[in-house]
Amino acid sequence: MQVFLNADHHTDGRHEMADHLTTVVKDALNRFGEQITRVEAHLADENSHAKSGPDEIQCTLEARLVGREPVVVKDRAANAHQAINGAVSKLKRAVATVLEKHDPRHEAQRSVTAPDEV
């Protein structure tokens, strides 16, 4: 799985942040194995135009799944680490949901428990 970080001019896009992102993403999503080919992250400071308020960092994560549409989630937090952690948690749940819906074992269970239509 490849992990890419894109950051705007107002957020921390240094090598250390990219390493943190890669570690958090791979730890959270390693159970999906080869089903995820890459994850792209976009960090942006939502309040960069009006610096009178506190920072609000938005992290958008996009996971590319083999044979499926991409899964996209967003999270906002006071700093980049919190935004990344929140978005990764959401992404883990979203990817699990997508893959479970298309799991043949899950399909078989639904057809067995579904009432017969007359």
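Within the option set 11, 23, being surrounded by 17 or more Cβ atoms within 10 Å (Cβ to Cβ) and among the hydroxyl-bearing types (Ser, Thr, Tyr) holds for one residue only, 11. Residues being modelled with pLDDT of 90 or more and surrounded by 14 or more Cβ atoms within 10 Å (Cβ to Cβ) are represented in the range 44-52 by at least one member. The set of residues in the range 1-35 being of a type outside the set (Gly, Ala, Ser), part of a strand (DSSP E or B) and under 16 Å from residue 60 (Cβ atoms) consists of 3, 4, 5, 6.
The single condition from (1) touching a residue at least 12 places away in the same chain (Cβ under 8 Å); (2) surrounded by fewer than 16 Cβ atoms within 10 Å (Cβ to Cβ); (3) not in a strand (DSSP E or B) that residue 91 fails is (2).
Answer yes or no as to whether residue 68 is part of a loop (DSSP other than H, G, I, E, B), in contact with a helix residue (DSSP H, G or I) (Cβ under 9 Å, 6 or more places away or on another chain) and either surrounded by fewer than 17 Cβ atoms within 10 Å (Cβ to Cβ) or of a type in the set (Phe, Trp, Tyr) (or both). So residue 68 passes the test.
The values are calculated or read from the model by the stated rules, or taken from the named source; none is laboratory data. Note that the structure is a prediction, hence the values are computed from the model and not measured. We place every Cβ from the backbone using ideal geometry, glycine too, and count neighbours over all the protein chains shown.
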